[in-house]
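Since the structure comes first, as structure tokens, the remarks are kept for the end.
Bear in mind that the values in this text are calculations on the coordinates, not laboratory data. Given the structure is predicted, the values throughout are model-derived calculations rather than measurements.
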Amino acid sequence: MKIKEDQLLDKELLKEIDRIDKADLIVGIPSFNNAGTIGHVVKAVSAGLGKHFSEYSSVIINSDGGSKDGTGDVVASTDFDLQTLMVKHRLHP
């Protein structure tokens with residue numbers, strides 16, 4: 001069975017991917033109920049990319065597994081210079 005792209009990624013995420021168009025570096029940060037620590041992790045990744053790979057365009061993708069503690073809100077409100085995408089997983093039993 002072939003799965004269509006739009007079944008895996010929601011339409012808002014596909015729009016964000018189209019908007020970014022291309023990136024030299026992509027860093028994925030998986031999370032699940034990590035509101036207390038995720039802001040520091042995102043800032044540290046952003047700082048490292050800025051310090052060591054500033055000549056490249058970078059995107060940080062937070063792939064969240066359905067957090068209920070506001071992890072996604074913390075990522076969205078974290079102040080840094082790189083582009084960020086929020087990927088929310090459908091949870092399957």
Subject >> Under 5 Å, built H, 5+ apart or other chain: amide partners of Gln83 >> reply: Ser58, Ile60
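Using a/c under 1.5 as the rounded threshold, could you call the range 12-83 rounded, prolate or oblate? The axes a ≥ b ≥ c are square roots of the C-alpha gyration tensor eigenvalues, and prolate needs a/b larger than b/c, oblate otherwise.
On the way: a/c = 2.34, a/b = 1.32, b/c = 1.77.
Taking the square roots of the gyration eigenvalues as a ≥ b ≥ c, the range 12-83 is oblate.
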**OP:** Search the structure for amide H atoms under 5 Å from the amide H of Asp69, placed 1.01 Å from N in the peptide plane, and list their residues when 5 or more places away or on another chain.
**Re:** Asn33
**OP:** Amide H neighbours of Ile29 under 5 Å, at least 5 residues apart or on other chains, H built in the peptide plane: list them.
**Re:** Ile61, Asn62, Ser63
**OP:** For each pair in Lys11/Lys51; Lys11/Lys43; Lys22/Lys68; Lys43/Lys68, compute the distance between the two Cα atoms and list the pairs where it is over 25 Å.
**Re:** Lys11/Lys51; Lys11/Lys43; Lys22/Lys68
